[in-house]
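The values are calculated or read from the model by the stated rules, or taken from the named source; none is laboratory data. Note that the coordinates shown come from a computational prediction; the quantities given were computed from them, not determined experimentally. Cβ: placed from backbone, ideal geometry, glycine included. Neighbour counts: every protein chain shown.
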2 protein chains.
Amino acid sequence: MVPPADGPVWAVVLAAGAGRRYGPQPKQYEVLGDERVIDRSLAMARAAADHVVVVLAPGEQAEADALVESGAADVAVEGGAERSDSVRAALAVIDADAAVIVVHDAARPLASPELHQAVVAAVHAGADAAIPGLPVTDTIKRVGHDHHGEAVVVETLDRSELVTVQTPQAFRADVLRRAHAGGDDATDDAGLVESAGGTVVVVPGEATNVKITGPHDLAVATELLRALG
Amino acid sequence: MVPPADGPVWAVVLAAGAGRRYGPQPKQYEVLGDERVIDRSLAMARAAADHVVVVLAPGEQAEADALVESGAADVAVEGGAERSDSVRAALAVIDADAAVIVVHDAARPLASPELHQAVVAAVHAGADAAIPGLPVTDTIKRVGHDHHGEAVVVETLDRSELVTVQTPQAFRADVLRRAHAGGDDATDDAGLVESAGGTVVVVPGEATNVKITGPHDLAVATELLRALG
């Protein structure tokens, strides 16, 4: 594995989701502790990046201006219909000399600065990509359907080999650009790198790094934030 | 699939864990809302069962007496070193005419009465076993180690085929007895049934049916209990 050339680290914080599962207000604008989810996610991303790009939903110009004005983000761009459209919108504004690009979901505001730094360090050490993974604690089974259409278990997976994946995820800039050049619609950037034969290293994830997707999750995240001090 | 003979439904609530991951006090004795975790788990199990067996850690005689005295459990037995030892200890006291046996972890106090009833109904409808499964929302990857011993991704699983498994799990009594007759040490009763060629049906699980394993989980469960009303 060849380390990337020295150069700036860019963070991309994805906050373009309409968050319809959550409620009337997109989840990234809910308040967590004394700031909004998006504000905390941007601040954490800043810990390991020289430059921060925030990707917002179309029509969020006032929000974009405010985030850049306050210095929370260096650049704000408009996202697309799919997650990978949003990643590509960010790639379009990232300088050509970027060495490492970190992609993070704004819906994971509790990822620590140390986790952001750990994935960047693994790419600096030579990986094409580095992602946080947590051991799978629940039993995972593969399900099929019988001839009545009923869901039945096909097999139980060996969970000792499995990890559940989080963001932030760090990439060699050239590898992430190539992965997205195909225009594939991927919810999993690292998966694109794997498909292209790249080496994806797994660093220890954080149990507290929950994703805010449903109405209970904000209450959970608030509790975790309190517990984290 | 042949429905089980008519007969009583027995619930086994496993509360023998020392809970060392949690803290000084085993997790099942922590307070959740206005009762202990174990009390709520027993009450929920009662909703779908004619008889309830609680499995406690060795030396918990006073607790055993109190739970039987109050009617929370019909029988209390002493568990073993492994989960399957505890299941077998319960099987030893379950009447021969039992038709369906439900196995539930006391550490999942938020499983609803409806969920307990749903797994029992699926076995009554002809399945050898029925388990709650939730769609997998996170990306799951299989991890190996490279020649430096570093954790690297081997493959990304197709999560549309996967479920994460919960308890309560219901079994035809004869099927569960046969599955445990081999004396295997299994953390997954349904997996034993699958290995023996039995049909395991998946019913929709509950997002709120969290497992209390670590210190954050009790705070999370308290929030969820409040949200559930």
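The figures follow:
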| item | result |
| --- | --- |
| Residue in region A:135-146 that is surrounded by 17 or more Cβ atoms within 10 Å (Cβ to Cβ), in contact with a Leu (Cβ under 7 Å, 6 or more places away or on another chain), touching a residue at least 60 places away in the same chain (Cβ under 8 Å) and not charged (D, E, K, R) present | no |
| Matching strands (runs of 3 or more DSSP E) fully within region A:32-131 where at least 2 residues are touching a residue at least 40 places away in the same chain (Cβ under 8 Å) | A:51-56, A:100-105 |
| Meets criteria (touching a helix residue (DSSP H, G or I) at 6+ places or on another chain (Cβ under 9 Å), buried (at least 17 other Cβ atoms within 10 Å of the Cβ) and among the acidic types (Asp, Glu)) for residue A:78 | no |
| Some residue of region A:153-163 being surrounded by 23 or more Cβ atoms within 10 Å (Cβ to Cβ), within 30 Å of residue B:107 (Cα to Cα) and facing another protein chain (nearest Cβ under 10 Å) | yes |
| Region A:193-203, subset on the phi < 0 side of the Ramachandran plot and without any contact (Cβ under 8 Å) to a residue 40 or more places away in the chain, residue farthest from the other protein chains (Cβ to nearest Cβ) | A:196 |
| Which listed residue, of B:122, B:179, is surrounded by 14 or more Cβ atoms within 10 Å (Cβ to Cβ), within 15 Å of residue B:103 (Cβ to Cβ), facing another protein chain (nearest Cβ under 10 Å) and not acidic (Asp, Glu) | B:122 |
| Residues of region A:168-191 that turn out to be assigned to a helix (DSSP H, G or I) and in contact with a strand residue (DSSP E or B) (Cβ under 6 Å, 6 or more places away or on another chain), as a count | 5 |
| Residues satisfying the stated conditions in region B:126-152, i.e. more than 9 Å from chain A (Cβ to nearest Cβ) and touching a strand residue (DSSP E or B) at 6+ places or on another chain (Cβ under 9 Å) | B:126, B:128, B:130, B:132, B:135, B:145 |
| Residue match in region A:158-167 (condition: of a type outside the set (Phe, Trp, Tyr), outside any strand (DSSP E or B) and at pLDDT 95 or above) | yes |
| Residue list for region A:192-216, restricted to those being surrounded by fewer than 20 Cβ atoms within 10 Å (Cβ to Cβ) and in a helix (DSSP H, G or I) | A:195, A:215, A:216 |
| Among (1) more than 10 Å from every other protein chain (Cβ to nearest Cβ); (2) in contact (Cβ under 8 Å) with a residue 40 or more places away in the chain; (3) under 20 Å from residue A:156 (Cα atoms); (4) part of a helix (DSSP H, G or I) - the single one residue B:225 does not satisfy | (3) |
| Neighbours by Cβ (under 8 Å, 6+ apart or cross-chain): first from region A:204-222, more than 30 Å from residue A:121 (Cα to Cα) and facing chain B (nearest Cβ under 10 Å); second among the hydroxyl-bearing types (Ser, Thr, Tyr) and surrounded by 20 or more Cβ atoms within 10 Å (Cβ to Cβ) | A:214/A:22; A:215/A:22 |
